[in-house]
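**Student:** Right, I'll just put the structure down here and ask away after.
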Amino acid sequence: MDPSMGVNSVTISIEGMTCNSCVWTIEQQIGKVNGVHHIKVSLEEKNATIIYDPKLQTPKTLQEAIDDMGFDAILHNPNPLPVLTDTVFLTVTASLAPPWDHIQSTLLKTKGVTDIKISPQQRTAVVTIIPSIVNANQIIELVPDLSLDIGTVEKKTGTYEDHSMAPAGEVMLKMKVEGMTCHSCTSTIEGKIGKLQGIQRIKVSLDNQEATVVYQPHLITVEEIKKQIEAAGFPAYIKKQPKYLKLGAIDVERLKNTPVKSPEGSQQRSPSSSYTNDTTATFIIDGMHCKSCVSNIESALSTLQYVNSIVVSLENRSAVVKYNASSVTPEMLRKAIEAVSPGQYRVRIASEVESTSTSPSSSSLQKMPLNIVSQPLTQETVIHIDGMTCNSCVQSIEGVISKKAGVKSIRVSLANSNGTVEYDPLLTSPETLREAIEDMGFDAALSVDTNEPLVVIAQPSSEIPPLSSTIELNKTMTLVHNKCYIQVTGMTCASCVANIERNLRREEGIYSVLVALMAGKAEVRYNPTVIQPPLIAEFIRDLGFGATLIENADEGDGVLELVVRGMTCASCVHKIESTLTKHRGVFYCSVALATNKAHIKYDPEIIGPRDIIHTIESLGFEASLVKKDRSASHLDHKREIRQWRRSFLVSLFFCIPVMGLMIYMMVIDHHLTTLHHNQNISNEEMINIHSSMFLERQILPGLSIMNLLSFLLCVPVQFFGGWYFYIQAYKALKHKTANMDVLIVLATTIAFAYSLVILLVAMYERAKVNPITFFDTPPMLFVFIALGRWLEHIAKGKTSEALAKLISLQATEATIVTLNSENILLSEEQVDVELVQRGDIIKVVPGGKFPVDGRVIEGHSMVDESLITGEAMPVAKKPGSTVIAGSINQNGSILIRATHVGADTTLSQIVKLVEEAQTSKAPIQQFADKLSGYFVPFIVFVSIATLLVWIIIGFLNFEIVETYFPGYNRSISRTETIIRFAFQASITVLCIACPCSLGLATPTAVMVGTGVGAQNGILIKGGEPLEMAHKVKVVVFDKTGTITHGTPVVNQVKVLVESNRISRNKILAIVGTAESNSEHPIGAAITKYCKQELDTETLGTCIDFQVVPGCGISCKVTNIEGLLHKNNWKLEENNIKNASLVQIDARNEQSSTSSSMIIDAQLSNTFNTQQYKVLIGNREWMIRNGLIINNDVDDSMTEHERKGRTAVLVAVDDELCGLIAIADTVKPEAELAVHILKSMGLEVVLMTGDNSKTARSIASQVGITKVFAEVLPSHKVAKVKQLQEEGKRVAMVGDGINDSPALAMANVGIAIGTGTDVAIEAADVVLIRNDLLDVVASIDLSRKTVKRIRINFVFALIYNLVGIPIAAGVFMPVGLVLQPWMGSAAMAASSVSV
């Protein structure tokens, strides 16, 4: 085959896809591109494989096409791979010449067909196909006039011999099915395949691993069956050639009369039997359980000759039968239905409807007699579509539906939320189209006023009032209901929720579905006889989300704690309990007389807290909710703060006198040494002077005042101040680790114990020379360390305040209204928000907060949802929209029906997220702890070594010991002397290596670091973030309010008319006045801009102000001339003043000002009559008001929108005269900050709840390449976690409530000072000045501080390395002996030097 004819395949990596809807959009858009045969996009592998025609496309153009859609496409390998093609030869079977051009166009449109050559003389066609996409059978199905040429290509299984044979026969097929392990596998396959249209019977054998299928080849192909089995997850192979079943005479007779199933389920008649006398009867059928009952009855009745059509509805338990009244009576039909196997149906006749004699036009759904086909019939239907958000939705719907068979044209309107479809009723029906739109993830409903009478009959379910909730339905159908909960992952937005809810509701046996986006939980009520929870989870997985069953089904039970007043005895208790447990929906109730409390478990679907309270009150008692303490007590650090403060104060109180004594002793000693040098006092005299000092005087032999005081001061510190250290150290040792606490406890305990023992020994021996004690070590150490710990916990304690703030965002009360059947308001009452139950209708007034999550049922308004999205722009709400608890209603009063209450609301979920993030964040193991892990064993080892070495030296050479052991008492035995000396040396080692310097190195540096930060407007909460920030590898920025200002600003005003007709200032004056009444942020931005430009505080007057949410405003403006003339007069006055300066003529100036005032007065009289009619809004608003937008204007609007701005049009007196572009502007320092962070070697990411267009535009302005757009609060946390799992330390910079969970989760959360309180509380670092360069500063500060801490450690270690050998007595021969007081002094010096 020559290469120019070839087909190539290329794989392109795509970044920026968030959910299946992205995949679907790319596949749709790129699939439409000329020359693309096939595209498969994978969300997991983040790539797309495209098979294309190299004559029409190149890898580069395809990459650009994906880039233009707002994703990042990367070509790793620009060399495409060739794709194998196959050739199929087709010959004409029909007697007439087929329409060749039609065949050619049909085949070339087919995906996978690359070329077709036709030779009309030989009546053959040669088709080149890509076998991986399309096979010969599918080609034949597309062009029924052709058949495979047997000479060239082997016949494939499953195609029938020739078209003349009646396609009514049933074919039996045996298939090998692999991978089945148990009977649930077989039942899954049987259930799934048995439901397919055209499958008569299926039996799957587990032992033989095979399936036997009887099917009708004109309705389904072998390939399709195989594909469906494989879709269920089992590989399948065809074993035997399908063989036709032999039919008896009766079967043949029956089959001749069998009408073909239409997509409607309403039966179509053969042209011969077009009866004129048709009657319709409706039957009520009891005893149907599932769709298989429906199809049983439909197929049984439709075989009867005199029945023209039958529609059975499971929901309404009804059947609508169209029959020939001359041949049969309703009574006979009733009996016929009752006779259908299994014979358990009870049938009664509901009504008889005479219908007009059916003319071809009214029986639009029936097959037309074949001779009419030459003139194609078209009909129009209007389908109502909900869930479209932008023009890309419109395009994707139009693209997909226009490709459906029988669709002539489709126009989708975003504004009216509908689509108008022109279609051929022979090939498709409105119901099929509606389902196709629903399958794309939108809500679609047929408008009632379609001109087809049969459609209306075929859809009796539309008679159910749309608002009747599931609860009422359940009462009418006494069916078994079970409830299950499924954890759903991968939902990104409300359209995902709608998609799951809608698709699940369609499945058989599912009554209601409720999905909570933030909690990621679906609550499904189902009929256990029809469907089981694992299958429901499977359905959700098929939609492309992750789903796992939540086992403990009690999750959804409501629990209610009530205080019940007025009970006097046990009979009262019994009365309440028995009345409540009789109630439907109450599972359990226990009332305690002693505490006046009732504990109730109930099903929130059936009954709610209010009903329960009403029930108790109707019995004559008072009931009220137990007020829950909703603060986050488990994150409270109050206890720790208290204990460390106590520890610090105790140590400090006793430490001061100890330090005083120590310093006094040092001074005296120093004085003595100088005397010793200068006046040559002998050692003996020195000792005498020393012991004669007051503090050294002995109270008892061997016990000096100094030692006694030190001992008394040390005891409380050691045991009260150090109590927590002991606990911590014990815990650490239990886990076989040595941390800071172990070192401190070891040093202080040994110092204390040794000093105590040596004192007792001295007293016992009545020693003349006072022993050297180390009682001063513990208080000093504990003071510093306790201080550090106390400060640290204060910083941590701030976290729980974040949650208290979050919880306070919730509304405390709700206004519940009752409506009658006509939706007219009967009454309203204020209740506590905890008493709102699911299904309640709540009224929310302008300015009010939504108390719970719900759906709007009446009213239109704009709602500020910044707590979820972080976006300042309000969102338009109309009936059917979902609303979020805690968001603020702006301008219209609306009624909502509660869907999630209590702990299920979105706000509660955010609270939960912050809690989880704060509790799950592992505390950083501090540097000091790590070091002491190695240091402790090392010191212990050195001191033991010292002990042993001196004992050995002592026994070998006693003189050394004698020389250096101060106060050596001849009366003591030699051995004891040696051992005492060795012990003293080893203890000195332990004391000097005291971890003081280690323990202090961190707190002091942290105190200095946080202090420096605070002076520079950076608040750092404690040491952890300070230590952590230098390790950060990724900095994640939120967009709104962090990178950008968070408030919209006017970027550009473009005047669209000549300035001599209407000046720019005049437009600004009109627009500013019109928007001054608007509450929308865009309105406020425009008014602010106009006031600045016109340099005025007051604007004109505005009347008849009207706002249409999501569209724009209209009003009338007057009194603006004053503004314009004031501006002109300003110029005039300046000129006059200048002139008067030249003339120096006071009179002139006087007259000029007075004349200007007169003119002003005259002007205001003449002009105030003029009134302007103003329209400001989007394209839709202008078109609605009959204005035409020309292409230039449209293009410039599109250009603005591409840059992520909002463009609004201005029309004055029905003429388009201005275009205003408004955007949230980037902070001036943002680009510099990002640049510096990148140059510091950090990765910078932008993460926002806003749409990807805007996000990309902003990111490119500041130089960020990695963007996550349309991210929910919970996904922000997930994204941070994901980055952390890659081993990166993450800093998150944000300002909104929606950022707070991520701020808490990140290793370092940085909040902008102008952000919400919640974010500020949740973060570790707060930038007071709202300046992004402070992010750089805080990371820099952290790096400097950590460097300082490390230098401190080095100092500490150097001191220890020098001091330890001296203490161990290594340098004794040189005359360097370490007296223990020197040890203490050295220790103090090391601490201070730190």
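The values are calculated or read from the model by the stated rules, or taken from the named source; none is laboratory data. Everything quoted here is computed from the prediction, not taken from an experiment. Note that each Cβ is placed from the backbone with ideal geometry, even for glycine, and that neighbours are counted across all protein chains shown. We work out accessible area using only protein heavy atoms, side chains counted, and drop any ligands, DNA or RNA first. Shrake-Rupley method; radii C 1.70, N 1.55, O 1.52, S 1.80 Å.
**Student:** Can you go through VAL1050, VAL1032, VAL1036, VAL1108 and tell me which one is under 33 Å from the mean Cα position of the chain (by Cα), touching a residue at least 40 places away in the same chain (Cβ under 8 Å) and surrounded by fewer than 17 Cβ atoms within 10 Å (Cβ to Cβ)?
**Tutor:** Just a single option satisfies the conditions, and that option is VAL1108.
**Student:** Mind counting the residues in region 725-744 that are open to solvent by less than 60 Å² (accessible area, probe 1.4 Å) and at pLDDT below 80?
**Tutor:** Adding up the residues that qualify gives 8.
**Student:** State yes or no: is ASP1224 open to solvent by less than 60 Å² (accessible area, probe 1.4 Å), of a type in the set (Asp, Glu) and farther than 30 Å from MET1292 by Cα?
**Tutor:** Taking the combined requirement at face value, the residue does not satisfy it.
**Student:** Provide a single number: the residues in region 654-677 that are out of contact with any Leu (no Cβ under 6 Å at 6 or more places or on another chain), under 14 Å from GLY721 (Cβ atoms) and crowded, with 16+ Cβ neighbours inside 10 Å.
**Tutor:** Here the count works out to 1.
**Student:** Name the pairs: first residue in region 417-444 and free of Cβ contacts under 8 Å to residues at least 24 places away in the same chain and more than 28 Å from LYS877 (Cβ to Cβ), second residue open to solvent by less than 10 Å² (accessible area, probe 1.4 Å) and among the hydroxyl-bearing types (Ser, Thr, Tyr), Cβ to Cβ under 9 Å, at least 6 apart or on different chains?
**Tutor:** Within 9 Å, no pair qualifies.
**Student:** Related question: Among (1) closer than 23 Å to ILE510 by Cα; (2) open to solvent by less than 40 Å² (accessible area, probe 1.4 Å); (3) in a helix (DSSP H, G or I), which single condition is ILE531 missing?
**Tutor:** With (1) closer than 23 Å to ILE510 by Cα; (2) open to solvent by less than 40 Å² (accessible area, probe 1.4 Å); (3) in a helix (DSSP H, G or I) applied to ILE531, the lone miss is (3).
**Student:** Is at least one residue of region 614-629 under 17 Å from LEU835 (Cβ atoms), part of a strand (DSSP E or B) and without any contact (Cβ under 8 Å) to a residue 60 or more places away in the chain?
**Tutor:** The answer is yes; a qualifying residue exists.
**Student:** For GLN1261, only one of the following conditions fails: (1) over 22 Å from the mean Cα position of the chain (by Cα); (2) within 25 Å of GLU1024 (Cα to Cα). What is its number?
**Tutor:** Exception for GLN1261: condition (2).
**Student:** Tell me, yes or no, whether region 1080-1096 has at least one residue that is farther than 29 Å from ILE1339 by Cβ, surrounded by fewer than 19 Cβ atoms within 10 Å (Cβ to Cβ) and touching a strand residue (DSSP E or B) at 6+ places or on another chain (Cβ under 7 Å).
**Tutor:** Checking region 1080-1096: not a single residue is farther than 29 Å from ILE1339 by Cβ, surrounded by fewer than 19 Cβ atoms within 10 Å (Cβ to Cβ) and touching a strand residue (DSSP E or B) at 6+ places or on another chain (Cβ under 7 Å).
**Student:** Search region 1214-1234 for residues that are touching a residue at least 40 places away in the same chain (Cβ under 8 Å) and pair each with any residue that is among the polar types (S, T, N, Q) when their beta-carbon atoms are under 6 Å apart and the residues are at least 6 apart or on different chains.
**Tutor:** ALA1221/ASN1051; ALA1221/GLN1052; ILE1222/THR1206; ALA1223/ASN1051; ASP1224/THR1044; VAL1226/THR1044; VAL1226/GLN1261
**Student:** Can you confirm whether region 49-68 contains a residue that is farther than 30 Å from ILE437 by Cβ, more than 35 Å from the chain's Cα centre (by Cα), part of a loop (DSSP other than H, G, I, E, B) and of a type in the set (S, T, N, Q)?
**Tutor:** Scanning region 49-68, I find at least one residue that is farther than 30 Å from ILE437 by Cβ, more than 35 Å from the chain's Cα centre (by Cα), part of a loop (DSSP other than H, G, I, E, B) and of a type in the set (S, T, N, Q), so the answer is yes.
**Student:** For region 1325-1340, which positions are part of a helix (DSSP H, G or I) and open to solvent by less than 30 Å² (accessible area, probe 1.4 Å)?
**Tutor:** Passing the criteria: ASP1334, VAL1335, VAL1336, SER1338, ILE1339.
**Student:** Can you work out which of the residues in region 1300-1324 that are among the small types (Gly, Ala, Ser) and open to solvent by 10 Å² or more (accessible area, probe 1.4 Å) is nearest to ILE807 (Cα to Cα)?
**Tutor:** GLY1315
Each row is one residue, and each column tells you yes or no for (1) out of contact with any His (no Cβ under 9 Å at 6 or more places or on another chain); (2) over 22 Å from GLY441 (Cβ atoms); (3) open to solvent by less than 50 Å² (accessible area, probe 1.4 Å); (4) assigned to a loop (DSSP other than H, G, I, E, B).
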site	(1), (2), (3), (4)
THR18	no, no, no, yes
TRP24	yes, no, no, no
GLN28	yes, no, yes, no
GLU44	yes, no, no, yes
ALA73	yes, yes, yes, no
HIS76	yes, yes, no, yes
THR91	yes, yes, yes, no
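**Student:** Separate question: Which of the following residues is open to solvent by 50 Å² or more (accessible area, probe 1.4 Å) and at pLDDT 80 or above: THR489, THR476?
**Tutor:** THR489
**Student:** Still on this structure: Against the condition closer than 19 Å to GLY1083 by Cβ and surrounded by fewer than 17 Cβ atoms within 10 Å (Cβ to Cβ), how does GLU1215 come out, does it pass?
**Tutor:** It is false that GLU1215 is closer than 19 Å to GLY1083 by Cβ and surrounded by fewer than 17 Cβ atoms within 10 Å (Cβ to Cβ).
**Student:** Test LEU1246 against the stated conditions and say whether it is within 25 Å of the chain's Cα centre (by Cα) and crowded, with 19+ Cβ neighbours inside 10 Å.
**Tutor:** Here the answer is yes, as LEU1246 does meet what is asked.
**Student:** Any chance region 172-189 includes a residue that's part of a strand (DSSP E or B), in contact with a helix residue (DSSP H, G or I) (Cβ under 8 Å, 6 or more places away or on another chain), more than 26 Å from ILE536 (Cβ to Cβ) and of a type outside the set (Gly, Ala, Ser)?
**Tutor:** Yes, that holds for at least one residue.
**Student:** Output the residues belonging to region 1272-1293 that are charged (D, E, K, R) and either in a helix (DSSP H, G or I) or farther than 17 Å from LYS1031 by Cα (or both).
**Tutor:** Result: LYS1276, LYS1279, LYS1281, GLU1285.
Here is a yes/no grid of residues against (1) without any contact (Cβ under 8 Å) to a residue 24 or more places away in the chain; (2) touching a Phe, Trp or Tyr at 6+ places or on another chain (Cβ under 6 Å); (3) surrounded by fewer than 13 Cβ atoms within 10 Å (Cβ to Cβ); (4) under 30 Å from ASN503 (Cα atoms):
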position	(1), (2), (3), (4)
LEU543	no, no, no, yes
LEU562	no, no, no, no
SER578	yes, no, yes, no
ALA592	yes, no, yes, no
PRO604	no, no, no, yes
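Yes/no matrix, rows are residues, columns are (1) in contact with an Asp or Glu (Cβ under 9 Å, 6 or more places away or on another chain); (2) among the charged types (D, E, K, R); (3) open to solvent by less than 50 Å² (accessible area, probe 1.4 Å):
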site	(1), (2), (3)
GLN63	no, no, yes
ASP67	no, yes, no
PRO80	no, no, yes
LEU107	no, no, yes
THR124	yes, no, yes
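**Student:** Of the numbered conditions (1) touching a Phe, Trp or Tyr at 6+ places or on another chain (Cβ under 9 Å); (2) open to solvent by less than 10 Å² (accessible area, probe 1.4 Å), HIS1275 fails exactly one; give the number of that condition.
**Tutor:** So HIS1275 meets the others, but not (2).
**Student:** Looking at ILE888, ILE894, ILE910, which is the one that is modelled with pLDDT of 85 or more and either open to solvent by less than 40 Å² (accessible area, probe 1.4 Å) or under 19 Å from the mean Cα position of the chain (by Cα) (or both)?
**Tutor:** Every option except ILE894 fails the conditions.
**Student:** Does PRO120 satisfy the condition of being in contact with a helix residue (DSSP H, G or I) (Cβ under 7 Å, 6 or more places away or on another chain), surrounded by fewer than 13 Cβ atoms within 10 Å (Cβ to Cβ) and either among the aliphatic types (A, V, I, L, M) or modelled with pLDDT under 80 (or both)?
**Tutor:** In short, yes.
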